[in-house]
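Student: Please see the structure below; I have some questions.
Values quoted throughout were computed directly from the atomic coordinates according to the rules given, and no laboratory measurement underlies them. Note that the structure is a prediction, hence the values are computed from the model and not measured. So basically every Cβ, Gly included, is an ideal-geometry build from the backbone, and we count neighbours across all protein chains shown.
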Amino acid sequence: MSLVLRGHHLLCVHGFRGMGYSPEFVEKMSGIVEQIRDEQADFPITVVAALDDTCSVCPNKGKTSCEAGPGSNEHVMTMDQKVIHQLELIDGASYNKSFLVRLTAEKVKPDDLDYICKGCSWLSYGVCKEGIADIREKYLKV
């Protein structure tokens, strides 16, 4: 088992609460989130600033980019790059899931999402910040 996830989805998975762009997207994201939250499972995740496994069923997916609206691909690519930079990862490299979850807990604070995810339609729900706070509490005992 292995996954390809875009940078910003490394954060989304912790706050995901069943909302999404379509029933197919929610089902796909739910499966990925379940695998990431399974503490017994560890597997490689290739981190990219590009379309990923989650995007495969998104109704906004174009042939090579996000087509949700004008500027949407640039927006998601910017979020991907901000996450990759914050976590000090290499675009296109693979890492163990356990390493990425712990690294996220160590290097991302809930309020960092105001910068990293600026302009994201999901940010206002607060679930993403809750998810980051939860993994920080779990891994760092903060």
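Student: Of K28/K107; K97/K141; K63/K129; K28/K61, which sit over 24 Å apart, Cα to Cα?
Tutor: Violating the 24 Å Cα-Cα cut-off are K28/K107; K63/K129.
Student: Here is a further query. Cut-off is 10 Å between beta-carbons; in what order do H75, H85 appear when sorted fewest neighbours first?
Tutor: H85, H75
Student: Compute log10 of I(q)/I(0) for the chain with the Debye formula, placing one identical point scatterer on every Cα and leaving out solvent, at q = 0.12, 0.18 Å⁻¹, to two decimals.
Tutor: -0.43, -1.05
Student: How far is it, in nm, from the label point at D91 to the one at D111 when both lie 7 Å from their Cα along the line to the Cβ?
Tutor: About 3.0 nm, to one decimal.
Student: Another question about this same structure. Please turn the phi angles of the range 129-138 into ³J(HN,Hα) values with the Karplus equation 6.51 cos²θ - 1.76 cosθ + 1.60 (θ = phi - 60°), one per residue in order, whole Hz, x for glycine and proline.
Tutor: So the J values, rounded to whole Hz, are 5, 4, x, 5, 4, 4, 6, 5, 5, 5.
Student: Taking K109 as the anchor, which aspartates and glutamates have their alpha carbon closer than 18 Å to its alpha carbon, excluding any fewer than eight residues away along the same chain?
Tutor: Straight-line reach from K109, under 18 Å: D80, E88, E130, D134, E137.
Student: A further question follows. Summing -39500 (n - 2.57) over the DSSP H runs of n ≥ 4 in the chain and dividing by its residue number, what mean residue ellipticity at 222 nm do you reach, to the nearest 500 deg cm²/dmol?
Tutor: Estimated from H runs of four or more residues: -14000 deg cm²/dmol.
Student: Could you work out the relative contact order of the chain? I mean the mean sequence separation of Cα pairs under 8 Å and 6+ apart, divided by the number of residues, in percent.
Tutor: For the chain, the relative contact order is 31 percent.
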